[in-house]
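Visitor: Would you mind keeping the following structure in view while I ask a few things?
The values are calculated or read from the model by the stated rules, or taken from the named source; none is laboratory data. Fair warning: this is a prediction, and the values are worked out from it, not measured in the lab. No Cβ is skipped: glycine too gets one built from the backbone with ideal geometry, and neighbour counts run over all protein chains shown. Just so you know, the surface numbers come from the protein's heavy atoms only, side chains and all, with ligands and any DNA or RNA stripped out. Shrake-Rupley method; radii C 1.70, N 1.55, O 1.52, S 1.80 Å.
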Amino acid sequence: MKNLSVTLRLYYGEKNYDKDGNVKSKNETVSITFGSPEWDNFIKHLKSHGVTSAEVEKVYDLSKVNKDEPVESLKRYKEVEDTSEVDEVIKKLFDVAEKPLTPEQKQIKELQEQIAALTAGAKTGTKTKEPEVKNGLSKGGAKTGTEPVLNPDSVVNEGGAE
């Protein structure tokens, strides 16, 4: 394995962006040697420290040194183009594998799906048979289902002007 220095950007909590698309959420960068005991310990405790996601920013090959550059220079070490090996490790760290359900959990899930299907049917307007309305006389003797007839002489103009 190569001797790689990895710079990670760590995000805490949900990522929020400003109007220009820049991340507003708390984040920081960390540089650590890939595959070292420090790396293993760091990765093991990353989530417990509140880190919700991480991105690989830069990877440098520490075995390829440009001795003409000063130690502080970013050009002293060769930047690695293919960071897929490190990306996979970080991706696996934050992927949540679905755990198999217990028999009780399976039964609860099935019942919840059945309830959802039944309530969805009621919400989508599944027609139930409505009672039939018959025109004619009601119990009180007044006719139902017909419009009342108004005598044009008895209508009062509410505006006050005739």
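Visitor: When the Kirkwood radius is taken over all Cα pairs of the stretch 3-58, what Stokes-Einstein diffusion coefficient follows at 37 °C and 0.692 mPa s, in µm²/s? Provide the component values of the computation, followed by the final result.
Guide: Numbers: Rh = 12.1 Å.
Estimated via Stokes-Einstein, D reaches 271 µm²/s.
Visitor: Using 7 Å Cα-to-Cβ label points, what is the Thr119/Lys58 separation (nm, one decimal)?
Guide: 5.3 nm
Visitor: Still on this structure: So what is the accessible area of the stretch 19-106 per residue, in Å², with the probe set to 1.4 Å?
Guide: Per-residue accessible area for the stretch 19-106 comes out at 77 Å².
Visitor: For the cross-link pairs Lys19/Lys92; Lys24/Lys91; Lys15/Lys75; Lys58/Lys91, which exceed 20 Å when the distance is taken from alpha carbon to alpha carbon? Could you put the intermediate results ahead of the total?
Guide: Details: Lys19/Lys92 31 Å; Lys24/Lys91 22 Å; Lys15/Lys75 31 Å; Lys58/Lys91 16 Å.
Long pairs (Cα-Cα over 20 Å): Lys19/Lys92; Lys24/Lys91; Lys15/Lys75.
Visitor: Near Leu93, within a Cβ-to-Cβ distance under 11 Å, what is the net charge of the other residues, with Lys and Arg +1 and Asp and Glu -1?
Guide: After counting each charged neighbour, the total is +1.
Visitor: For the stretch 50-68, list residues with backbone N below 17 Å from a point placed 7 Å from the Cα of Val23 toward its Cβ?
Guide: Counting backbone N atoms under 17 Å from the label point, the list is 50-59.
Visitor: Keeping all protein chains in position, work out how much accessible area Glu55 exposes to a 1.4 Å probe, and write it in Å² to the nearest 10.
Guide: Approximately 80 Å² for this residue.
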